[in-house]
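Remarks on the structure that follows.
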Amino acid sequence: ANTRYRLVKKILDTTPETMPLAIRYPVALKELLELPTPDGSIALTQMDRDRLGHHNDCFLYDSSDRGTYIRDTWMGDLSDKEERDIVLNMSTSYGGSKMVGGEACSGNGLGRSDSGAVTVLAEMAGQRFTELNMDFDANYIKQWKGINLSPSGNDPAETAFERISRKMGYRLRLIDATFSKDAVEESSFTLSATLSNDGFAGVIKMRPIYLVLDKGSKRYDIELSGVDVRKWVSGNILLKDQKVTLPLGMKPGMYTLALWLPDASANLQARPEYSIRFANQGTWDATNGYNVL
């Protein structure tokens, strides 16, 4: 346990603070978070703790996912449910999702899979999956592509593979937005919006969110303060009244109003493919990488 602690702490200290770490075994994750700091080591910071997620390397294989669960530990023998609950109960200190993913493995059969994909969808939702290896296991991928699911809630009729693909990670959908159609330079402008995250998980890394006013020849990007998009986990999201002061010197005319969620890196913000695209039809501006209101 002490050796694992020192290894993980070294990785945390020598990689960017924005990079999540996925730990193979849930019990090892519990161990890292609860183990007294070994002699000669530095205690985990809260940011360290928030970066630690889970990588299930044999998802759906059998009742223990080929040893992912039910592993002996110095903390005592934990049951299958207790070890599964470690992942189910993971959350960051600020209310976001930790990184969870891995790959499925079916062995000689299809393990815990079922003809309706009920198990995989329920577990991915419950454990807030962000990623899954697309290349392994081929048996599962083939099965999911052959399962036709009926419409359910906000989900259309589609194959299980399509539903898993759509809901992996976050899927932000704009429901409505309220704002004035008139604006004046240096005056106050208020926007509120309701969104839904139809995905399994939230945004993993911090990123800014801007209100954009764009008239082609001139664009104004106004950052919305106090909004942490990592907290936009599955379910409804209320973006309460966002009051901003419009810049001095805005020229009269018609402006496009949009929400822009670019990458946090200044070097990537000009690249639309790194911006968050809402799931709505007709709102995405692929050239500018923002969502038109």
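See the values below:
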| read-out | value |
| --- | --- |
| Cβ pairs under 6 Å, 6+ apart, first in the range 229-246 and open to solvent by less than 100 Å² (accessible area, probe 1.4 Å), second acidic (Asp, Glu) | LEU246/GLU185 |
| Residue in the range 142-151 that is of a type in the set (S, T, N, Q), part of a loop (DSSP other than H, G, I, E, B) and either more than 22 Å from the chain's Cα centre (by Cα) or surrounded by fewer than 17 Cβ atoms within 10 Å (Cβ to Cβ) (or both) present | yes |
| Extreme residue, nearest to LEU29 (Cα to Cα), among residues of the range 98-120 that are aliphatic (A, V, I, L, M) and open to solvent by 30 Å² or more (accessible area, probe 1.4 Å) | MET99 |
| Filter result (buried (at least 18 other Cβ atoms within 10 Å of the Cβ), in a loop (DSSP other than H, G, I, E, B) and of a type in the set (A, V, I, L, M)) within the range 41-61 | LEU44, LEU60 |
| Selection within the range 127-141 - within 18 Å of LYS167 (Cα to Cα) and surrounded by 13 or more Cβ atoms within 10 Å (Cβ to Cβ) | GLN127, ARG128, PHE129, THR130, GLU131, LEU132, ASN133, TYR140, ILE141 |
| Residue list for the range 1-40, restricted to those being in a helix (DSSP H, G or I), farther than 19 Å from SER79 by Cα and β-branched (Val, Ile, Thr) | THR3, VAL8, ILE11 |
| Condition met for ARG163 (within 17 Å of the chain's Cα centre (by Cα) and farther than 22 Å from HIS55 by Cβ) | yes |
| Checking THR194 against (1) open to solvent by 10 Å² or more (accessible area, probe 1.4 Å); (2) part of a loop (DSSP other than H, G, I, E, B), the condition it does not meet | (2) |
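The values are calculated or read from the model by the stated rules, or taken from the named source; none is laboratory data. All figures in this text were calculated on a predicted structure; none of them were measured in a lab. Methodologically, a virtual Cβ is constructed for each residue, glycine included, from the backbone with ideal geometry; neighbour enumeration extends over all protein chains shown. Just the protein is used for accessible areas: all its heavy atoms, side chains included, with ligands, DNA and RNA removed. Shrake-Rupley method; radii C 1.70, N 1.55, O 1.52, S 1.80 Å.
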